[in-house]
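Have a look at the structure below, then the notes.
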Amino acid sequence: MSDLIDAPSEGQNAPEFSVSEISGAVKRMIEGEFSHVRIRAEVGRVSRPRSGHVYLDLKDDRAVLAGVMWKGVVAKLRTQPEEGMEVVATGKLTTFPGQSKYQMVIENIAPAGVGALMAMLEKRKQMLAGEGIFDQDRKQPIPYLPEVIGVVTSPSGAVIRDILHRLRDRFPRKVLIWPVAVQGEKCAPEVTAAIEGFNAMSVGGAIPRPDLIIVARGGGSLEDLWGFNEESVVRAAAASDIPLISAVGHETDTTLIDFASDLRAPTPTAAAEHAVPVRADLLGWLGNIETRRLRSLQSGLDNRRQRLRDLSRALPNPAELVGIQGQRLDVLAGRLPRALQSVAQNKRTRLSQTSAGLRPQILNQQIVLKKQSIDAVSRRFAQGAKTQVSQIRSRLDGLDRLRETLGYTATLKRGYAVVRDDAGALVSNAKTAGAAAGLDIQFADGHVQLGAANNHKPKPKKNPPPKPSGGQGSLF
């Protein structure tokens, strides 16, 4: 540290440091003395920001040490630290000049023995149970004979061979294997993704959706099975819409997925036994049912056949029953013609008597009805003719008014005149009028003739009927 100390100025007894210099000196001293330490402590506050780093406190009953784990270290941890867990942390001490404090950069952290893991497991179990994830009313029934079974396990272990062998012996089914890591830091995320992936498959898709899921792993220590205690795995198993059987470890091993699954099997082989029935047993049971059915059917037929024979002996002779009824029919057939003749004669006599009194009255009624019908037709005819004549007259009046309106005589009354030459042709311009020997001018009240012989004196006379060549003729 002597390289940071300047020679004291005159009149001063201690050297001067900048803040960065003293912070750097403390950092180098602490990192040099405590470059590798192992600390046993209880985990206090845990903070996980979006950066992926983890900040936590390591404490005992008298002191607190701040700790930090970088994102890369967190991803490799087999067990994530939780508040209250007793752990052994390995790393180095350093300082954080930005806040003027020292802290431990943790390179590895693990529970302090099995007791710490069990305490954390029990705490997590109580938390999940308090949310109702382990409730029995959430359990789904296991299908009796699933068509497709999805298996979440390691593809290279003995577990999958045992499951396939047991299924083949009992009742062969279609099996979909989703390979996962069954221990280590990849176990929990891969098992979670497998359960959610099977549930995300669509019914009737290219890959058939499983009717049942088996999550299986062989035996191991608590640390080996810890991935199946992770919260993400437990929640995925509880949320599965497909019934799920957990078969993790041996019969004495228990993980949290066992409480969230719909059925817990002690071993993977037992899970396969729970998944399908024994085909030979089913065939034997069906054979026994068929034998019992045939025996029951034959017994029922024999009983009914005997009952029919017993009842037939108590019945009378059919020939006798038919003979008696035939005799009655013959007697009635002999009496029928005479009865018909008698009834017909009675009806004929009664009809004659009734018609004799009703014929004149009926004729009179018919005549009255015909007369009334003729009178009604005559009235309708007269009314129709009157209506038609009125319509024709109205139409003629309208046409006459139209003729008067469109004819030239109405125009003459408004101050106009019609000029004709001596031949009776219309004169429409001055040139033609000057060349004519005489002119006939027609007004509304008469004619005036102009020429050399009459000295231009008007001569009233009656309006002649309009000529066809000079205007519109009469409609009548």
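Neighbouring Cβ atoms within 10 Å as the yardstick, rank S154, S221 fewest first.
Numbers: S154 18, S221 12.
Exposure proxy ranking, most exposed first: S221, S154.
Using a Cα-Cα cut-off of under 14 Å, which aspartates and glutamates could be cross-linked to K76, ignoring same-chain neighbours fewer than 8 residues away?
Output for K76: E107, E185.
With the cut-off at 21 Å, tell me which of the pairs K71/K125; K59/K92; K71/K123; K27/K101 have Cα atoms farther apart than that.
Pairs exceeding 21 Å: K71/K125; K71/K123.
May I ask you to evaluate 6.51 cos²θ - 1.76 cosθ + 1.60, the Karplus curve with θ = phi - 60°, for each residue of the stretch 437-449 and list the ³J(HN,Hα) values in order in whole Hz, giving x for glycine and proline?
Karplus-based 3J(HN,Hα) across the stretch 437-449 equals 6, x, 10, 10, 10, 9, 10, 5, 10, x, 10, 10, 9 Hz.
Work out, step by step, the length gained on full extension between L399 and D135: first 0.36 nm times the residue separation, then minus their alpha carbon distance; give nm to one decimal.
In short, 84.7 nm is gained.
For V418, V215, what's the fewest-to-most ordering of other Cβ within 10 Å of each Cβ?
Working: V418 18, V215 31.
Listed from fewest to most nearby Cβ atoms, that is V418, V215.
Restricting to the chain, compute how many DSSP beta bridges are antiparallel as a %, nearest 5.
In the chain, DSSP labels about 65 percent of beta bridges as antiparallel.
Taking R0 as 25 Å, what's the FRET efficiency between R45 and K101 from their Cβ-Cβ distance, rounded to 0.05?
E between R45 and K101, to the nearest 0.05, is 0.95.
Among L128, Q449, Q298, whose Cα sits farthest toward the positive end of the charge dipole of the chain (+1 at Cβ of Lys/Arg, -1 at Cβ of Asp/Glu, about the Cα centre)?
Working it through, the farthest residue towards the positive pole turns out to be Q449.
Where nothing but the Cβ of Lys and Arg (+1) and of Asp and Glu (-1) is charged, how large is the charge dipole of the chain around its Cα centre, in debye to the nearest 20?
Working: 64 positive and 50 negative charges, 1496 e Å.
Using only the charged Cβ atoms, the result is roughly 7180 debye.
Taking the Cβ of A437 as the centre, find all other residues whose Cβ is under 15 Å away and add up their charges (Lys, Arg: +1; Asp, Glu: -1).
-1
Helix 158-170 sits at what angle to the longest principal axis of the chain, using alpha carbons and giving 0 to 90 degrees rounded to 10?
Tilt relative to the chain: about 50 degrees.
For the stretch 133-277, take the alpha-carbon Rg, divide it by the Kirkwood Rh, and send me Rg/Rh.
For the stretch 133-277, the value is 0.92.
Binning every alpha carbon pair distance of the chain at 20 Å from zero, what are the percents per bin?
Over the chain, the share of Cα pairs per 20 Å bin runs 13, 18, 11, 8, 10, 15, 18, 6, 0 percent.
Helix-only estimate, please: 222 nm mean residue ellipticity of the chain, summing -39500 (n - 2.57) across DSSP H runs of length 4 or more and dividing by its residues, to the nearest 500.
The per-residue figure over the chain is -16000 deg cm²/dmol.
Output the relative contact order of the stretch 48-150, whole-number percent, from Cα pairs under 8 angstrom with separation of 6+ residues.
So the answer I get is 20 percent.
For E82, put the label point 7 Å out on the Cα→Cβ axis and report which residues of the stretch 214-248 keep their amide N under 14 Å from it.
The answer is 226-235, whose backbone nitrogens lie closer than 14 Å to the label point.
How would V248, V448 line up from fewest to most surrounding beta-carbon atoms within 10 angstrom?
So the residues, fewest neighbours to most, are V448, V248.
Taking 8 Å as the Cα distance limit and 6 or more residues as the minimum spacing, I'd like the relative contact order of the stretch 387-458 as a percentage.
Values: 71 pairs, mean separation 15.1, N = 72.
Computed over the stretch 387-458, the figure is 21 percent.
Given contacts defined as C-alpha pairs under 8 Å and at least six residues apart, what's the relative contact order of the chain, whole-number percent? Let's see the in-between values first.
Numbers: 621 pairs, mean separation 37.1, N = 476.
Relative contact order for the chain comes out at 8 percent.
At what distance in nm do the modelled label points of T269 and I22 sit from each other, each positioned 7 Å from its Cα along Cα→Cβ?
7.3 nm
Any read-out appearing in this document is the output of simple, stated calculations on the displayed coordinates, not a laboratory observation. Every value quoted in this text rests on a predicted model; they were computed, and no experiment measured them. Methodologically, a virtual Cβ is constructed for each residue, glycine included, from the backbone with ideal geometry; neighbour enumeration extends over all protein chains shown.
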